[in-house]
Amino acid sequence: MVPGIEVARFRTRSGHPYVVIHNPTVHTYLKLDPRELGILGLMDGTRTVKSLVVAYYQRHGVLALSRIAGLVEILRAHRFLTEPPSDPYGQLERALTRRHPVALVTHFIHRFLEPQVSIGTIDRRLSDWFHSWGRWFFSRPVAIIGTAIGLAAPVFFLLELARPRYTLFTTGGSYLSGLLILTGLQALTVGIHEIGHGLAVKYAGRSVPKAGMMLYFGLPVAYVDTTDVWMAPLGKRVLTSLAGPWTGLVLAGLCTTVSYLLPAGPVGSFLFAWGFVLLFNTLLNFNPLLEMDGYYLLVDLAEKPMLRSRAFSFIRRPLWHKLRRRDHLTREERLFALFGLAAVAYSGFALFLGIRLWRLRLAGLVKDAWSRGAGGKALVIVATVLLGGLVALAVWGIATRVARWISKRMAALSGRAREFRRREALRALRGVPLWSEVATGRLLEIAEAMRVEDVSPGEVVVRQGEQGDRFYVIVQGSFEVLVDGEFDRRLGPGDYFGERALLQDAPRAATVIGTEPGRVLWLDRETFRSTLAHDLATLSRLEAALDDRQRLADIPMFRDLSPTELDLLLARMERVSAQGSATILQQGQEGERFYVVRSGAVDIEREGRHVATLQEGDAFGEISLLLSVPVTATARAAPAAELLALDGEDFRDLLVRYCNRAVDLEQMTHVRLEDLKRLELIDQD
């Protein structure tokens, strides 16, 4: 690990703890599970991943290979390890892409439209400003008075606009002068807005690594890097997002109020114009439907990452299906529906307003400016070029997406594409242990029946609680699994989910969301059964294996395992029958197996005394294997039981190393050992 890592501990509103770590050298941040934080202290640069697993086991009595391996990769990618991340394929792709003509043009446009000039010493200046005068703006009296002044801004602006004494787009009868003044006021407004964000970061006790000026689509704007506020509590993060537009709103109130009270003159005209710019920017930034301050405020308050993309994904398809079926919408779904529909309505309203504004005012202003001589004509030409460039970029983006869509549809119709998809599906199925033993001919039929689906970032593939009828295999991309709205685990290429839907019409146990552009292959229940309708042996074998996997998944100790991990575990297990009160484990002997009750019941005895009766789904025998101690209790069939058994070596190799159930095993073991201690005390009494 690199030295100087900073750690901040938080809880969501639902009470789930999480940790954010910060590398102050390169200003990278990472959100971790608290259990993962304990592993960081072991990463001193002298251990391999294998030795980390051993050291963690020696410290905590459990192994966690997959957790550590995954954590090492993500820490390296975010530069928390002294060894820098390596991505040779990505470097090669970028090198080849830079030679493409379209990429060269895009890179040039990006550099031309958005060049940056950074000020590295801004943190010290902001600290000085905050301690000398900025801290007063965060006091309660100033906040109340400032909010009252800010709320008066639209009132006095509309009152002044109704007189009317001033014009917004001309100065001294010159449109060119008016444009230059409004552009300067816009740059000043954005600068003050960003200073507000920066002072809020200092109020939160965090630093601003950089700030400066940049051209954003040809317009000069200021920017302040506020990412360090991720290490602050939620309230301080919300205040940082709020500070920028709030500062603009207060200044807008001062400008419009003073402009209205002053007699007509150049000062009043200047304040009226600046009040208009301030008010426009504030309303724009407060709008939660655009990805600006208001949107990030809403995301923080609702604790819904990727809110915009998830909302659009929901209103595209699932919302209308639910409305047609008159299904009840959850609280989260109502938020997505409201936000998505409001965003669509806002886009339509903005388009309508733009057309109306052009017809009522802007068309006349353009004609008037063109008739004012060389200055007016130059203004119209510059504005047309800038607007035309923005329209051209938008059209280019739309045309690129349409061309990509047409290309995919044409490819899907070609025999070569179908053959590629069939091979892709076959390769994916062979990577699933559950399907790997199916005869090649049958597997080819199933692969032929699978369909491909592209997944956008934020798109929900399956939703918790909905009835499922599809099984998915991930071919490309990254996905997150959410249980009750909380992050559970990540899935990537080669992982699969939803196989329960092939057997039964049961509600989905989790939500799966795409976090980057991806692709999945899916097979529905009807196709699965019709494909294997004449091969009852294969169908029966798959159904039995799926049933066993489901039994494992329902065991609390295994409930969070991915299907891949469950298959690895199940592949090593064998079915064992115990009849007539047969002894399965004998107290005091060396433990050789770990068991799961598949059906029936098992009595647990200690020192000849009945302790408990284990039912379907319960597990036993893990204490002696995990802690290398003699069996702590006798287990007998009661009077008969069907079991799934795993040998001790396989138990250590798969259950702990590959399946990553360290915490659950630890909790189960400690609980049972505590029960044994209580029994010992009872016996002594």
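Among the residues here, Asp603 does not qualify as assigned to a helix (DSSP H, G or I) and not hydrophobic (A, V, I, L, M, F, W, C).
Here's the yes/no breakdown for (1) touching a residue at least 60 places away in the same chain (Cβ under 8 Å); (2) closer than 18 Å to Pro233 by Cα; (3) not polar (S, T, N, Q):
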site	(1), (2), (3)
Glu6	yes, yes, yes
Arg11	no, yes, yes
Pro17	no, yes, yes
His22	yes, yes, yes
Asp33	no, yes, yes
Leu42	no, no, yes
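The requirement of being open to solvent by 30 Å² or more (accessible area, probe 1.4 Å), small (Gly, Ala, Ser), under 28 Å from the mean Cα position of the chain (by Cα) and on the phi > 0 side of the Ramachandran plot is not satisfied by Gly235. Kindly provide the set of residues from segment 503-512 that are crowded, with 20+ Cβ neighbours inside 10 Å and either more than 14 Å from Ser478 (Cβ to Cβ) or more than 20 Å from the chain's Cα centre (by Cα) (or both), ordered by number. Residue satisfying the conditions is Thr511 alone. You will find that of Arg551, Arg508, Arg572, the residue that is out of contact with any His (no Cβ under 8 Å at 6 or more places or on another chain), within 30 Å of Leu307 (Cα to Cα) and basic (Lys, Arg) is Arg508 and no other. Look at (1) at pLDDT below 85; (2) in contact with a Lys or Arg (Cβ under 8 Å, 6 or more places away or on another chain) and you find that Asp524 fails only one, number (1).
Which is open to solvent by 70 Å² or more (accessible area, probe 1.4 Å) and part of a strand (DSSP E or B), of Arg490, Arg519, Arg500?
Arg490
Taken over segment 569-603, residues that are touching a residue at least 40 places away in the same chain (Cβ under 8 Å), closer than 14 Å to Thr632 by Cα, among the charged types (D, E, K, R) and in contact with a Leu (Cβ under 9 Å, 6 or more places away or on another chain) amount to 2. Taking each residue of segment 114-143 that is open to solvent by 50 Å² or more (accessible area, probe 1.4 Å) and looking for partners that are modelled with pLDDT under 90 and among the hydroxyl-bearing types (Ser, Thr, Tyr) with beta-carbon atoms closer than 8 Å, six or more apart or interchain, yields Gln116/Tyr223. Answer yes if at least one residue in segment 260-269 is assigned to a loop (DSSP other than H, G, I, E, B), free of Cβ contacts under 8 Å to residues at least 12 places away in the same chain, open to solvent by less than 40 Å² (accessible area, probe 1.4 Å) and under 30 Å from Leu168 (Cα atoms), and no otherwise. Looking through segment 260-269, at least one residue is assigned to a loop (DSSP other than H, G, I, E, B), free of Cβ contacts under 8 Å to residues at least 12 places away in the same chain, open to solvent by less than 40 Å² (accessible area, probe 1.4 Å) and under 30 Å from Leu168 (Cα atoms). All of (1) under 27 Å from Asp488 (Cβ atoms); (2) surrounded by 16 or more Cβ atoms within 10 Å (Cβ to Cβ); (3) not hydroxyl-bearing (Ser, Thr, Tyr) hold for Arg606 with one exception: (1). Only residues that are open to solvent by less than 40 Å² (accessible area, probe 1.4 Å) and either modelled with pLDDT under 85 or among the small types (Gly, Ala, Ser) (or both) were counted in segment 461-470, giving 2.
When residues in segment 526-556 are screened for being closer than 17 Å to Leu444 by Cα and in contact with a helix residue (DSSP H, G or I) (Cβ under 9 Å, 6 or more places away or on another chain), 11 of them pass.
Every test in (1) farther than 30 Å from Glu480 by Cβ; (2) hydroxyl-bearing (Ser, Thr, Tyr); (3) out of contact with any helix residue (DSSP H, G or I) (no Cβ under 7 Å at 6 or more places or on another chain) is passed by Thr632 save one, and that test is (3). Restricted to segment 275-331, and to residues there that are acidic (Asp, Glu) and either open to solvent by less than 50 Å² (accessible area, probe 1.4 Å) or at positive phi (or both), the residue that is modelled with the lowest pLDDT is Glu303.
If you check Thr167 against the conditions, is it in contact with a strand residue (DSSP E or B) (Cβ under 9 Å, 6 or more places away or on another chain) and surrounded by fewer than 20 Cβ atoms within 10 Å (Cβ to Cβ)? For Thr167, the condition - in contact with a strand residue (DSSP E or B) (Cβ under 9 Å, 6 or more places away or on another chain) and surrounded by fewer than 20 Cβ atoms within 10 Å (Cβ to Cβ) - is not met.
The values are calculated or read from the model by the stated rules, or taken from the named source; none is laboratory data. All figures in this text were calculated on a predicted structure; none of them were measured in a lab. Here Cβ is always computed from backbone atoms with ideal geometry, including for glycine, and neighbour counts include all displayed protein chains. We work out accessible area using only protein heavy atoms, side chains counted, and drop any ligands, DNA or RNA first. Shrake-Rupley method; radii C 1.70, N 1.55, O 1.52, S 1.80 Å.
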